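Asks: Here's a structure for you.
Values quoted throughout were computed directly from the atomic coordinates according to the rules given, and no laboratory measurement underlies them. Keep in mind the model is a prediction, meaning the values are calculated, not measured. Virtual Cβ from ideal backbone geometry, glycine too; neighbours counted across all protein chains shown.
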Ligand code: FAD
Ligand code: NAD
């Protein structure tokens, strides 16, 4: 390593060590490309590992445990009122993060991916300069930008480390607020709102559009909205926050809209109104890398930016801002850079909302087909008659399959219910492989599982009325 004035040299520079960056790096190094990651955090993993997917799912698992213990009462098992040790909860969460981060570090070492700590800024088309780093300057032959995104801020709700927080603050779980106002009924608001509610916080959600999870299939959202309606103090759609005032023990909030919440004073506010790309923090202009609307980096079908030596992947290039999309782009791009015939062109990118019940979908959904005037065949089945769902006392779920009406090719799959996130993989495989309904129906699903409802719905698609409850 060369320190000081001289430029450190690398064949492939990857800026950002999140899921996009490390996936690209590991694959590229596996192909024998000399690869360097610059990451401003202390360890690899990105937002997903340190302040996103992993800590949130760790806390959501705990929330599920609390809920399951409570609902076991109807089955004759009582655990009593749960007590919480926040320090231990945080310790467990950190252990999970640290173990995964160590694993990534070990893989990088094994593959000889050089990891340099520091914040990179482009100097020109061939160099970056680093802040907070032992290495001051790196000269690259090719570079991948994978610097991710950060929360959108609302100007009426300036951040204040204790009262007005974003997802990172909520995940730190320094304390459980007595009352929590969640602004935004999207992924983060509902997932982290659920954690707070299960830990005893009185949670109010305000969502400016007409439904929580706007844009998601209404059939899938309905059972979740019903359950969250019981868990949360209030869900107010078509409503916005207009201002906040510091009060003695919290904040007083004013609202406007169709369903102004009854409560006006809150202990804490979680702002979760979307994320924006970090493209303004890299001096992109120096490298002639252009952005498009909302600040996403402009890329072509090969993920190449407007500078032919620089590519970009992950949240920084656009929706869906999901870790598995970033990883898949990273791996495909590394293959392409190694000269393999590879292009990022998936038929679907699955999405999972890890609430209780979970919502998961992939491919074309009914409302999207309708909006595009596309003729589709849709079959859905509630989980009411599923023996497995019944045995868990969780029959509120639904399985939905969207097919081409002529060929019965599977175009989309939607699920709501427990373990929906695990089961969507079958739908993804069906869509990617160009499967038809018969492929799913004739694949024997294990009994008793909720997954067998996929087979049932596919069977219905082939021969309406042909299935019986299990
Ligand atoms: P990031 O993970 O954001 O990584 C970018 C990295 O670049 C960071 O480590 C950052 O420190 C570094 N960096 C930035 N600028 C520089 C610079 N100039 N120099 C050097 N390094 C830099 N997605 C899912 O698929 N499933 C989930 O369950 C899920 N849960 C989430 C929960 C929360 C609370 C949040 C906030 C997000 C969640 N996401 C989830 C989204 C997921 O985290 C992102 O889609 C994913 O992290 C994007 O990966 P990335 O590699 O593009 O960027
Ligand atoms: P989001 O886009 O999922 O939801 C934001 C919500 O806020 C929207 O419903 C929007 O209509 C609403 N909103 C916007 N402005 C508002 C205002 N002024 N008042 C009230 N409501 C307002 O964004 P998020 O929840 O912040 O999450 C950001 C991104 O992170 C997600 O889009 C997703 O890509 C990723 N994420 C994924 C997961 C997962 O995969 N399970 C979990 C968390 C985050």
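Asks: For a Förster distance of 25 Å, can you work out the FRET efficiency between the beta-carbons of residue 432 and residue 107, rounded to the nearest 0.05?
Replies: Between residue 432 and residue 107 the formula returns 0.45.
Asks: So, one more: Per DSSP helix of 4 or more residues, -39500 (n - 2.57); summed, then divided by the residues of the chain. What does that give at 222 nm, rounded to the nearest 500?
Replies: -9500 deg cm²/dmol, from helical runs alone.
Asks: Note down the nm distance, to one decimal, between modelled labels 7 Å out along Cα→Cβ at residue 84 and at residue 68.
Replies: 1.9
Asks: What order, most packed first, do the peptides 68-77, 147-156 have when packing is the mean number of other Cβ atoms within 10 Å of each residue?
Replies: Ranking the peptides 68-77, 147-156 by packing returns 147-156, 68-77.
Asks: To the nearest 0.05, how large is the calculated FRET efficiency for residue 178 and residue 254 if R₀ is 30 Å and r is the Cβ-Cβ distance?
Replies: 0.90
Asks: How big is the Rg/Rh ratio for the chain, C-alpha atoms only, Rh by Kirkwood, two decimals?
Replies: 0.99
Asks: Further, regarding this structure: Using the basic label-point model (7 angstrom from Cα toward the beta carbon), what is the residue 406 to residue 338 distance in nanometres?
Replies: Placing both labels 7 Å along Cα→Cβ, they lie 4.0 nm apart.
Asks: Something else: Kindly rank 20-26, 85-91, 358-364 from highest to lowest mean number of other beta carbons found within 10 Å of each residue.
Replies: 20-26, 358-364, 85-91
Asks: In addition: What ranking do 67, 217 get, fewest neighbouring Cβ atoms within 10 angstrom at the top?
Replies: Ordered by Cβ neighbours within 10 Å, fewest first: 67, 217.
Asks: Could you give the distance between the Cα centres of the stretch 204-275 and the stretch 399-426, to the whole Å?
Replies: Comparing the Cα centres of the stretch 204-275 and the stretch 399-426, I get a distance of 30 Å.
Asks: A follow-up question, please. Just want the ordering: 15, 269, from fewest to most Cβ atoms lying within 10 Å of their own Cβ.
Replies: Going from sparsest to densest Cβ surroundings: 269, 15.
Asks: Compute the distance from the alpha-carbon center of the stretch 361-387 to that of the stretch 49-105, in whole Å.
Replies: With the stretch 361-387 and the stretch 49-105 each reduced to a Cα centre, they are spaced 33 Å.
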